[in-house]
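One structure below.
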Amino acid sequence: MTLLVTGFEPFAGESVNASWLAVERLARGWDGDETLATALLPVEFARCGPALLDAIDGCDPRAIVCVGEAGRADGIRLERVAINLDDARIPDNAGARPVDEPIDPGGPAAYFSTLPLRAALDALQSAGIPARMSESAGTFACNHVFYELMAALAMRTDVVGGFVHVPYAPGQRGAVAGVPTLTTDVAAQALRIVLGAL
Ligand code: PCA
């Protein structure tokens, strides 16, 4: 069986994205029984969903965990709900800045994650990793991908999926004094734990 984990390209003037650093680190140290597939998604409203769907088609996973960076998050955020809304505070990497736009005008208002989030949270906390449930993945590209993921899985009972936000990695531009960070090693360990809860 295959597990698909995705991360994002850098955005907002950063040269790296903590989510992709963590996914790369996870993949490098992977020794699980299942095959781990990874994909790097563009921070572009128009292209991130199709890129995710291509990756899913390419590896036929039984579970999909999309990972994004949430600067200023103080720990791992297990996203519970994707909402049908694009509302960008800054332009994406292609210069698009949708405001107050539905992702799918005919779609439901929201979808819930189908990952075992409670088990994942308990395991993260037992491992001493700062983590919490989150009721909003925002209204930028991460929520957009999360919504498109859950829409694609809505008719499938054989595949689970969801979204996890990680804080900045140390050394990122946005990680100025007072902003919490999580090392890439710990973020990768957190992703391993989330996969272990499946
Ligand atoms: N974080 C952004 C988009 C890409 C990423 O890593 C977000 O939270 O929407």
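Once a ≥ b ≥ c are taken as the square roots of the eigenvalues of the Cα gyration tensor of region 84-135, is the result rounded (a/c under 1.5), prolate (a/b larger than b/c) or oblate (a/b not larger than b/c)?
It comes out oblate by the Cα gyration axes.
Along the Cα→Cβ direction, 7 angstrom out, place labels at ASP158 and ASP31. What is the inter-label distance in nm?
With each label placed 7 Å out from Cα toward Cβ, I get 3.2 nm.
So which trypsin sites (Lys or Arg not before Pro) in region 1-84 end up in coil per DSSP with only 16 or fewer other C-beta atoms within 10 Å?
Filter output for region 1-84: ARG62, ARG72.
What FRET efficiency would be calculated for the residue pair ALA177, ALA127, taking the C-beta separation as r and a Förster radius of 22 Å, to the nearest 0.05?
0.20
Roughly speaking, to the nearest percent, how much of the chain's 1.4 Å accessible area is carbon and sulfur?
50 percent
Please report the relative contact order for the chain, taking Cα pairs under 8 Å with a sequence separation of at least 6, and give it as a percent rounded to a whole number.
Computed over the chain, the figure is 30 percent.
Select from the chain the helices, each a whole stretch of DSSP H, whose alpha-carbon atoms run 20 Å or more along the helix axis and whose Kyte-Doolittle mean is at least -0.5; answer none if there are none.
45-59
Between GLU24 and LEU53, what is 0.36 nm times their sequence separation minus the Cα-Cα distance? Round to one decimal in nm.
Roughly 8.5 nm would be gained on extension.
Counting only helical runs of four or more DSSP H residues, what would the 222 nm mean residue ellipticity of the chain come to if each run contributes -39,500 (n - 2.57) and the total is spread over all its residues?
Helices in the chain give a 222 nm mean residue ellipticity of -10000 deg cm²/dmol.
Any idea how far the Cα center of region 21-71 sits from the one of region 142-159, in Å?
Each part's Cα centre sits 13 Å from the other's.
Write down the accessible area per residue of the chain in Å², having rolled a 1.4 Å probe over the full set of protein chains.
That works out to 45 Å² per residue.
If you bin every alpha carbon distance in the chain into 10 Å steps from zero, what whole percent lands in each bin?
Bin by bin from 0 Å, the calculated values are 10, 39, 39, 12, 0.
The values are calculated or read from the model by the stated rules, or taken from the named source; none is laboratory data. Here the structure is a predicted model, which is why all the values come from computation and not from measurement. With ideal geometry, Cβ positions are generated from the backbone for all residues, glycine too; neighbour counts draw on all protein chains shown. Just so you know, the surface numbers come from the protein's heavy atoms only, side chains and all, with ligands and any DNA or RNA stripped out. Shrake-Rupley method; radii C 1.70, N 1.55, O 1.52, S 1.80 Å.
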